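The block underneath contains the structure these notes are about, expressed in structure tokens.
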Amino acid sequence: MQRREKEHIQPPKLAHRFLKFFLKDEFLEEVEGDLEEKFWTRLEERSSRRAKLSYWYEVSQYVRPFAIKQLDIFPRQTIMLKHYLLINWRNLLKNKGYSFINIGGLGLGIAVAMLIGLWIYDELTFNTYHDNYEEIGWLYQHRVYGAETETWMNMPFATSEELSTSYGNHFSQVVSGTWAWEHILRVDEEVFMATGSFMEPDAPDLLSLELTAGRIDALADPSSIIVSESLAKRIFGISDPMGKRVLIGATTEFRVAGVYKDIPEASNFNELLFIAPWEAYFTSYSWARNVRNSWGVNASQIYVKLAKGTTAEAASAAVKDMLIGKLEESGDEVSLNLQPEVFVHPMSKWHLYDNFENGVNTGGRITNVWLFGIISFFVLLLACINFMNLSTARSEKRVREVGIRKAIGSQQYQLIQQFFTESILVAFLGFLLAIGIVVLALPWFNEISDKSIRLPFNQPLFWLSGIGFTLFTGLLAGSYPAFYLSSFKSINALKGSVRRGRASTLPRKVLVVLQFTVSITLIIGTAIV
């Protein structure tokens, strides 16, 4: 009974089909016979499940280079793609006026959007040079003057010590510093002007300065100074600056104890060409020394690094009434009446959210980022609409071409592929033209925007976004001719009796109206500004 049941069991069909799919024809008949014979033998000795598994195993053993037949699916597609590209390239050369307007308009639109996009990226990544970007903050304070509330960036000199002593669980680093201003530097008999600041010893570590010479804690020595590479080269030339004598002002002498790489322009500290020790500030300026312990004089900037697990909001809540308590202790009723309220302004908001009105953060440069982002979108939209309008207008002249191609055997999917290939080719040429325009325009653009932007050729995100946009634009613009024209019957296309109803012209009318609307809006906006 068991033997009769096994007679109805066959080798697994899926494995047999897979074998026929990849195995060379000259091996197929012999291998099929051998595998079936082994299958029946195993079926007599083992269970049907084990026999089928063994059959699969035997099939997998033939998946080797010598036995696999050459599949011509991909070569055929490659040949067709080359054919489409060749035909489309010839069409572009044949219709030079159309090609110039279409590729030029799209390229110019992409170039404008690319320039604005690079500017926006630079704004959004401002200060990210510093490793602790997400953890660094600047201590601000609100002060009430009648009905108005002012926001100050200055704090009393004694703030740094108080934060380290009483609020150490909220801040892992606290650094006092002065505003960066231009100083007179004297090296031997030569005089130089350079922008710098006096800061506490932890400043280089807090700001993630990259030292090429010296130690990160060099400012712990009150007679030391650290300078940027550009300043070191300017005042010392090619000689080693380490240990060289520098005077700030007329009498305060320092020795170069470190050299750090120039801070990028996309940083609030980019003008910092040297940093002098904090203690030297009080030695050099008597007025600062006299009010060092006063809580009523606000003359220093306090930078902090938040402790792990602490947010800027939590730290702000902790230090909110710090000044009020100290002013009450010192009896400074004048400052106390101004109701000072301390808070931490995170580095991520220094550049884009630096505007305060009546004690409320009302944004800042982020408004420009949104404005230029919207302009970029509309410029790109205009370029795409123009591209699509030209494509659809020209596509109606190619009805007979569709009819001839269908008459000689072209399938609808092949026509769709051809139209999409042509559209993507034009979009890709527009993208290449845009890169060329941006390369030429960047020096001028950097000058008017006060930036040092470069094309990020080495960043995959740039190429992925550019190629992705190119494909999207090409597919979108080519969708109308691809699906609409390829649907015509060959006999009607050859006779020229294709009916163009309202549905066929409506998309183009909508695009034209939208294009004029956007253009007029941009013109009016420009005139108002």
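The values are calculated or read from the model by the stated rules, or taken from the named source; none is laboratory data. Computed from a prediction, not measured in an experiment: that's the story for all the values here. Here Cβ is always computed from backbone atoms with ideal geometry, including for glycine, and neighbour counts include all displayed protein chains. Note: areas computed on protein heavy atoms with side chains; ligands, DNA, RNA excluded. Shrake-Rupley method; radii C 1.70, N 1.55, O 1.52, S 1.80 Å.
Please give me the summed charge of the neighbours of residue 296: other residues whose Cβ is under 15 Å from its Cβ, Lys and Arg +1, Asp and Glu -1.
-2
Quote the FRET efficiency, to the nearest 0.05, computed for residue 144 versus residue 292 with a Förster distance R0 of 41 Å and r equal to the Cβ-Cβ distance. Can you show the working numbers first?
Numbers: r = 26 Å, r/R0 = 0.64.
Using R0 = 41 Å, I get an efficiency of 0.95.
Taking amide H atoms as placed 1.01 Å from N in the peptide plane, list the residues 5 or more away in sequence, or in a different chain, whose amide H sits under 5 Å from that of residue 260.
Answer set, sorted by chain and number: 212, 227, 228, 229.
Quote the FRET efficiency, to the nearest 0.05, computed for residue 46 versus residue 82 with a Förster distance R0 of 51 Å and r equal to the Cβ-Cβ distance.
0.45
Please give the solvent-accessible surface of residue 261 in Å², to the nearest 10, using a probe radius of 1.4 Å with every protein chain present.
Accessible surface of residue 261 is approximately 90 Å².
Compute the acute angle (0 to 90°) between the alpha-carbon long axis of helix 412-449 and the principal axis of greatest extent of the alpha-carbon atoms of the chain; round to the nearest 10°.
For helix 412-449, the angle is close to 20 degrees.
Of all alpha-carbon pairs in the range 230-273, indicate the percentage at a distance above 12 angstrom.
66
Under a crude label model (7 Å from the Cα following the beta-carbon direction), how far is residue 215 from residue 17 in nanometres?
7.5
Could you work out the Kirkwood radius for the range 302-390, taking every pair of different alpha carbons, averaging 1/r and inverting it, reported in Å?
16.9
What is the helix-to-structure angle for 460-484, meaning the angle in degrees between its Cα long axis and the longest Cα principal axis of the chain, kept from 0 to 90 and rounded to the nearest 10?
Helix 460-484 and the main axis of the chain meet at about 40 degrees.
Once you've got the Cα coordinates, tell me which of 13/82; 233/308; 305/451; 20/82; 308/451; 96/451 are over 32 Å apart.
Long pairs (Cα-Cα over 32 Å): 13/82; 233/308; 308/451; 96/451.
For Cα pairs less than 8 Å apart in space and 6+ apart in sequence, what is the mean separation divided by the residue count of the chain, i.e. the relative contact order in percent?
Answer for the chain is 19 percent.
Nearest 500 deg cm²/dmol is fine: what mean residue ellipticity at 222 nm does the chain get from its DSSP H runs of n ≥ 4 alone, each adding -39,500 (n - 2.57), divided by its residue count?
Value at 222 nm, helices only: -17500 deg cm²/dmol.
Compute the Cα gyration tensor for the range 187-294, then decide on rounded, prolate or oblate, letting a ≥ b ≥ c be the square roots of its eigenvalues: rounded whenever a/c is under 1.5, prolate when a/b is larger than b/c in the other cases, and oblate in all that remain. Could the numbers behind the result be given before it?
Working: a/c = 1.66, a/b = 1.22, b/c = 1.35.
Because a/c hits 1.5 or more and a/b fails to exceed b/c, the range 187-294 counts as oblate.
Based on the alpha-carbon gyration tensor of the range 266-341 and its eigenvalue square roots a ≥ b ≥ c, which shape applies: rounded if a/c is under 1.5, prolate if not and a/b is larger than b/c, or oblate?
oblate
Label residue 223 and residue 475 with points 7 Å out from Cα along Cα→Cβ: what is the distance between them in nm?
It is 7.0 nm.
How charged is the neighbourhood of residue 116? Take every other residue with its Cβ under 11 Å from the Cβ of residue 116, and add Lys/Arg as +1 and Asp/Glu as -1.
Charge balance in the 11 Å sphere: -2.
In whole percent, and with a 1.4 Å probe on the protein chains, what portion of the accessible area of the chain is carbon and sulfur? Don't skip to the answer; put the middle values down first.
On the way: 17090 of 29450 Å².
C and S atoms contribute 58 percent here.
In the chain, if the dipole is taken from +1 on Lys/Arg beta carbons and -1 on Asp/Glu beta carbons about the Cα centre, which of 121, 270, 241 is farthest to the positive end?
So the residue furthest toward the plus end is 121.
Quick one: in the range 425-472, what % of C-alpha pairs are over 11 Å apart?
71
Solvent-accessible area of residue 50, probe 1.4 Å, all protein chains present, reported in Å² to the nearest ten, please.
For residue 50, the solvent-accessible surface is approximately 130 Å².
Considering all projection directions equally, how large on average is the shadow of the alpha-carbon convex hull of the chain, in square nanometres? Intermediate values should be presented prior to the final figure.
Details: hull surface 181.1 nm².
Directional mean of the projected Cα hull area for the chain stands at 45.3 nm².
Could you compute Rg(Cα) / (2.2 N^0.38 Å) for the range 95-229, with N its residue count? Before the final figure, lay out the partial values.
On the way: Rg = 23.6 Å, N = 135, 2.2 N^0.38 = 14.2 Å.
The reported ratio for this selection is 1.66.
Hey, what did the range 170-236 get for relative contact order, percent, Cα under 8 Å, at least 6 apart?
26
To the nearest 10 degrees, how steep is helix 48-60 against the longest Cα principal axis of the chain, on a 0 to 90 scale?
The answer is roughly 80 degrees.
Report, please, the projected area of the range 301-350 averaged over directions, based on the convex hull of its C-alpha atoms, in nm².
Mean projected area of the Cα convex hull: 4.2 nm².
Averaged per residue, what accessible area in Å² does the chain show with a 1.4 Å probe, protein chains only?
Value for the chain: 56 Å² per residue.
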